[in-house]
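Asks: Mind looking over this structure? Questions follow.
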Amino acid sequence: MSVSSDEFRSILGRFPSGVTVVTTKAADGSDQGMTVSAFCSLSLQPPLVLVCIEKTASVHNALTSSPAFIVNILSAKQEQIARRFSIVDIDRFEGVGFSRSRNGIVVLDDVLGVIECNRFSLHEGGDHTIVVGEVEAGRAETGAPLIYYRGGYAQMER
């Protein structure tokens, strides 16, 4: 029994996920970043997270070759940031507030959480690469998360 791509996407669309922007530096020193909803924790000891990046994504080479990356967990107020970092062929950082981590990677302003990672390992995952990061530092803020559900952005109510 096989499921079509459309059926698979529809089924998985019923699973809400948080929205992040993963940032890193390319080999040439340029800032790179993209919206990622395929993110999760992996291990507490050692502290590991994983992100899944489509092999055709503009940030794929930078993320899989850089020794470090940052996961910026977006707040409910940051849908426009999520949309901006999903657009291809623009300067995604133009007009976006940010600071830099101790190793010079972009940390977006006003996010719910920041997870600074060193690349731990890479794994093949079909049309994606699974990037495992060992968490070196982080911080959490208060607020509501931005959610991705059934092909669109949503906000969680409590």
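Asks: If you average the C-alpha positions of the stretch 112-158 and of the stretch 8-84 separately, how far apart do those two centres end up, in angstrom?
Replies: The stretch 112-158 and the stretch 8-84 have Cα centres separated by 6 Å.
Asks: With charges only on Cβ, +1 for K and R and -1 for D and E, what is the dipole size of the stretch 1-148 about its Cα centre, in debye, rounded to 20? Could the numbers behind the result be given before it?
Replies: Working: 12 positive and 17 negative charges, 42 e Å.
That gives a dipole near 200 debye.
Asks: Using only alpha carbon pairs under 8 Å that are at least six residues apart, calculate the relative contact order of the chain and give it in whole percent. Write out the running numbers ahead of the final one.
Replies: Numbers: 319 pairs, mean separation 44.3, N = 158.
It rounds to 28 percent for the chain.
Asks: Could I ask something else about it? Using protein chains only and a probe of 1.4 angstrom, how many square angstrom of LEU50 are accessible, to the nearest 10?
Replies: Looks like 30 Å² after rounding.
Asks: Moving on to the next point. Just want the answer: with Cβ charges of +1 for Lys and Arg and -1 for Asp and Glu, which residue in SER99, LEU50, HIS60 is farthest toward the dipole's positive end in the stretch 47-158?
Replies: After comparing all options, I get SER99.
Asks: Quick check of the Kirkwood formula: for the chain, what is the inverse mean of 1/r over all pairs of different Cα atoms, in Å? Please list the in-between numbers first.
Replies: Working: mean 1/r = 0.0622 Å⁻¹.
Hydrodynamic radius (Kirkwood, Cα pairs) of the chain is 16.1 Å.
Asks: Just read off the accessible area of ASP110 with the full protein assembly in place, 1.4 Å probe, to the nearest 10 Å².
Replies: Counting only protein heavy atoms, the figure is 130 Å².
Asks: Tell me the carbon and sulfur percent of the accessible area for the stretch 36-108, rounded to whole percent, probe radius 1.4 Å.
Replies: Heavy-atom surface of the stretch 36-108 belonging to carbon and sulfur, 1.4 Å probe: 54 percent.
Asks: Give me the accessible area per residue for the stretch 32-146, probe 1.4 Å, as a whole number in Å².
Replies: Values: 5920 Å² over 115 residues.
Per residue, the stretch 32-146 has 51 Å² of solvent-accessible surface.
Asks: Taking the Kirkwood radius as the inverse of the mean 1/r across Cα pairs, report the Rg/Rh of the stretch 57-129.
Replies: 0.96
Asks: Sticking with this one: Report the Stokes-Einstein translational diffusion coefficient (µm² s⁻¹, integer) for the stretch 10-74, Rh taken as the Kirkwood radius over Cα pairs, at 25 °C with viscosity 0.890 mPa s. The partial results should precede the final answer.
Replies: Values: Rh = 12.8 Å.
Rounded, D is 192 µm²/s.
Asks: Whenever you get a sec, line up MET34, MET156 from highest to lowest accessible area (probe 1.4 Å, protein heavy atoms). Write down the numbers at each step before the final one.
Replies: Numbers: MET34 35, MET156 85 Å².
The ordering from most to least exposed comes out as MET156, MET34.
Asks: Can you give me the Kirkwood hydrodynamic radius for the stretch 111-158, using every pair of distinct Cα atoms, in Å to one decimal? If you can, show how the numbers build up before the last one.
Replies: Values: mean 1/r = 0.0744 Å⁻¹.
Result for the stretch 111-158 stands at 13.4 Å.
The values are calculated or read from the model by the stated rules, or taken from the named source; none is laboratory data. A quick note: this is a predicted structure, and the numbers were derived from the prediction, not measured. In this analysis, Cβ positions are derived from the backbone assuming ideal geometry, glycine residues included, and neighbour counts consider all displayed protein chains. For accessibility, only protein heavy atoms count, side chains too; no ligands or nucleic acids. Shrake-Rupley method; radii C 1.70, N 1.55, O 1.52, S 1.80 Å.
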